[in-house]
Amino acid sequence: MLLSCKKTEYSLVKIEGKQIAITDSIDADENIKAFIAPYKESVNKNLTEVLAYNTKDMIKTDGELNSTIGNMMADIVMEEANPVFNKRTKNNIDFVLLNYGGIRAPMPKGEVTRRSAYNIMPFENEIVVLELSAASVLKMLDYLSIAKTAHPVSGVKIEFNSTYELTDFTIQGKPLDAKRTYFVATSDYLRNGGDNMLFFQEALSETPIDYKIRNAIIDYFIKADTLNFNMDDRFIRNE
């Protein structure tokens, strides 16, 4: 007698699940708490170490097209990244452009810690230096005119009139030269088209600095002792 084996086929009918919220109502595992306690203590000690003193409250909304905290971030990137870039390429950074949305917290007056830097810049964004043609720089100005946003800059002076038409623009105190290229420091996020800054994708060359923006901020805090950044006329609109 021959026996035949018939293959049974199955098909998925339904998937059920439920969301389990992780709240204080769930008891912590004491063994895990004990295991991570030394690490937690070390991290908190590191983050709460006082590095500098800030002389005034700094927020990103205290000016129309430039702010105290935005100017701080752009100036820090310029100061901390340029020596690295110069050592690697023998060139200097001409200007810096960051993004308004990258400033994630204000900096109150008083003691400045490593946690202050993490609050301002919680992302792992790296500094990159891009070489742009004069034509790409002009596209950047068109972008800023349309955006009407206090994107942090350093090394440039940009003036718009009441309708955001460009009236004056200089880089390191000099007019734009159509025959040369410029080195701009920015973040890898913007390099990849973040905030629709697509002009960065026209870069003629790219130099990674291997330096996080947050680490540059921390390094500056350590050596600065006292912070005293202000709004100025680097990026303005005249009525």
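The values are calculated or read from the model by the stated rules, or taken from the named source; none is laboratory data. Being a predicted model, the structure only gives us computed values, none of them experimental. All Cβ positions, even for glycine, are placed from backbone atoms using ideal geometry, and neighbour counts span all protein chains on display.
Observations, loosely collected:
- Unmet criterion (only one of (1) at pLDDT 95 or above; (2) surrounded by fewer than 16 Cβ atoms within 10 Å (Cβ to Cβ)) for E80: (2)
- Any hit, the stretch 120-134, residues being assigned to a helix (DSSP H, G or I) and either within 15 Å of the chain's Cα centre (by Cα) or free of Cβ contacts under 8 Å to residues at least 24 places away in the same chain (or both): yes
- The condition (being of a type in the set (A, V, I, L, M, F, W, C), modelled with pLDDT of 80 or more and part of a loop (DSSP other than H, G, I, E, B)) is satisfied by just one residue among I26, I69, I20, I15: I15.
- Residues satisfying the stated conditions in the stretch 85-123, i.e. touching a Leu at 6+ places or on another chain (Cβ under 8 Å) and surrounded by fewer than 19 Cβ atoms within 10 Å (Cβ to Cβ): T113, R115, Y118
- Tally, over the stretch 173-210, of residues that are free of Cβ contacts under 8 Å to residues at least 60 places away in the same chain and touching an Asp or Glu at 6+ places or on another chain (Cβ under 6 Å): 1
- Scanning the stretch 183-216 for residues that are assigned to a helix (DSSP H, G or I), touching a strand residue (DSSP E or B) at 6+ places or on another chain (Cβ under 9 Å) and among the basic types (K, R) yields one hit, R191.
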